[in-house]
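Coordinate-derived values only; no laboratory data. These figures come from a predicted structure and were not determined experimentally. All Cβ positions, even for glycine, are placed from backbone atoms using ideal geometry, and neighbour counts span all protein chains on display.
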Amino acid sequence: SLTMSTYARFSFCRGNITRLRERPRAAIVTIANNFLIPNIGIDMEIREAGGLPLEEAVAQKRQQDLARILCYDTGQAVITTSGNLPVENVLHAVIQPIMGTSSDEVFYLFEIRHILREMYHSIITVAREGNIDELLIPLIHPMCLSIDECITIGLHGMSEQCKQVSLN
């Protein structure tokens, strides 16, 4: 989890983030597609735990926003209420798979890294705007990158954004 304060504190925990004790002013981060339509994996677990109230919040947000935009941008984070989850909000981090071939593997890996950094920047920005004190973030791990590299990108992306926000 990430505690948002004057000095950002990062901590890691293992377990199902949908079953933690109640955390006011906290948000769970999930992976989303460009239309916030339910995905497989962690997104499905979070949506199931959030139940119908979370689905209704997502549908309302989608209807409200997609009336003026075609879809959510890759790297963008979108906030909704959390339904039945033990937190106040869910941040839906939009990350779509980028198709690549072996001939453009270097560009493909650069693009994945860039999208992850942008996504973490957006998560911190939206959390600050929503007065969220704590983020519960599952490991976001595109299979083309190592777990260690994904953690490093996440920590650097979030700490960079925390520094930028605190300087403004």
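A few remarks follow.
- Environment charge of Gly83, counting only residues whose C-beta is closer than 11 Å and scoring Lys/Arg +1, Asp/Glu -1: -3
- For Thr30, distant residues with modelled amide H under 5 Å away: Leu91, His92, Ala93
- Per residue, the average separation of C-alpha pairs within less than 8 Å and at least 6 apart gives the range 44-84 a relative contact order of 63 percent.
- Placing dummy labels 7 Å off each Cα toward the beta-carbon, the span from Phe35 to Phe110 is 3.2 nm.
- For the pair Leu155 and Glu55, the difference between a 0.36 nm per residue extended length and the Cα-Cα distance amounts to 33.1 nm.
- Sorted on the mean count of surrounding Cβ atoms within 10 Å across their residues, most packed first, peptides 152-159, 59-66 read 152-159, 59-66.
- Whole-Hz ³J(HN,Hα) from phi, Karplus 6.51 cos²θ - 1.76 cosθ + 1.60, for the range 55-66, glycine and proline x: 4, 5, 5, 5, 4, 5, 4, 4, 5, 5, 7, 6
- Modelled spin labels at Thr125 and Ala67, positioned 7 Å past Cα toward Cβ, are 2.4 nm from each other.
- Residue separation of His141 and Leu20 scaled by 0.36 nm, minus their Cα-Cα distance, works out to 41.4 nm of gained length.
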